[in-house]
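Accompanying notes for the structure given below.
The values are calculated or read from the model by the stated rules, or taken from the named source; none is laboratory data. Here the structure is a predicted model, which means the values were calculated and not measured. Don't worry about glycine lacking a Cβ; one is built from the backbone with ideal geometry, like all the others, and counts go over all protein chains shown.
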Amino acid sequence: MARKPLISGNWKMNLNHFEAIQNVQKLHYLIHKEVFDDVDVSIHPPFTDIRSIQTLVESEELEFALGAQHCHSEDTGAFTGEVSPAFLAKLNTEYVICGHSERREIFGETDEIVNAKVLAILKHAMTPILCCGETLDEREAGGTEDKVLGQIAAGLAGVSNEQIASMVIAYEPIWAIGTGKTATSEDAQTVCAAIRTKIRDMADDVTADAVRIQYGGSVKAGNAAELMSQPDIDGALVGGASLKPDFVELVRNGAG
Ligand code: 13P
């Protein structure tokens, strides 16, 4: 089954709303319209930029999908500093990253918390990008699949097959994030294929064939095409390179 690839730019805590507007205008000017026939592109700016980017994308009818980097699982309440999925939905946010390794490692998000967020994002008709990935120690100890497939099973608890089919999974080996080290396309393919097999076991063939699986971790213009040509890799979750002019070529190369 043909799955349209998704390339997502996770800006992390970079670019204020003025810089964000300029960056999105520049990117859109440089990425030729036809490219969007072959690839979906989502932009995940910091929260303070989202309203500005929403206005720009909607008023100029840009092909970019609006994304967020995380959210809380509750709609409202006494959660100082947190961001409601209901409020993101109100801004026409389409994709929300959840369970990013930086959230898990720095901010203590457990599999249970990540699962609650997946359910909340789906409840508001947005698409979760559920992240998973192993540390270098786990990889060297041969524990990659145990770790990753465990995160997938926990993150998808209580999610219907139809909902899983609409989702995006991002395999991001932690040792490859921001390090310049990328998994080889064969290694990335092996883990992404294992994720799809896990979903086939948890759900069914239709669901497994529909879910999009991204690879993330030092994806650049130079390696995007090879990674995305693998049969079970349907896109890329891009950090550092999404902030650079390189992103234009990365999207073009990823679109094939
Ligand atoms: P880099 O592309 O900078 O390695 O970051 C990957 C990432 O964490 C995207 O979510």
Problem set entry | Matching helices (runs of 4 or more DSSP H) fully within region 1-106 where at least 1 residues are in contact with a Cys (Cβ under 8 Å, 6 or more places away or on another chain) | 85-90
For this session: Using the structure shown, decide if ALA208 is surrounded by fewer than 18 Cβ atoms within 10 Å (Cβ to Cβ), away from the ligand (no atom under 15 Å from the Cβ), more than 15 Å from the chain's Cα centre (by Cα) and at pLDDT 95 or above.
Result: no
Exercise. From LEU130, LEU136, which residue is without any contact (Cβ under 8 Å) to a residue 60 or more places away in the chain, buried (at least 22 other Cβ atoms within 10 Å of the Cβ) and within 16 Å of the ligand (Cβ to nearest atom)?
Worked result: LEU130
Exercise. Considering region 114-152 alone, what residues qualify as being closer than 17 Å to GLN214 by Cα, part of a helix (DSSP H, G or I) and not charged (D, E, K, R)?
Worked result: VAL118, THR144, VAL148, LEU149, GLN151, ILE152
Problem set entry | Of all residues making up region 73-119, the number that are more than 30 Å from HIS28 (Cβ to Cβ), more than 16 Å from the ligand (Cβ to nearest atom) and surrounded by fewer than 22 Cβ atoms within 10 Å (Cβ to Cβ) | 17
Exercise. Got at least one residue in region 171-188 being away from the ligand (no atom under 16 Å from the Cβ), surrounded by fewer than 22 Cβ atoms within 10 Å (Cβ to Cβ) and within 19 Å of the chain's Cα centre (by Cα)?
Worked result: no
For this session: State whether the residues of region 58-70 include one that is surrounded by 16 or more Cβ atoms within 10 Å (Cβ to Cβ) and over 22 Å from GLN22 (Cβ atoms).
Result: yes
For this session: Filter region 211-248 down to residues that are within 12 Å of the chain's Cα centre (by Cα), more than 10 Å from the ligand (Cβ to nearest atom) and aliphatic (A, V, I, L, M), then give me how many there are.
Result: 1
For this session: Take the residues in region 7-46 that are under 19 Å from the mean Cα position of the chain (by Cα) and either without any contact (Cβ under 8 Å) to a residue 24 or more places away in the chain or loosely packed, with under 15 Cβ neighbours inside 10 Å (or both), then tell me which one is nearest to LYS244 (Cα to Cα).
Result: MET13
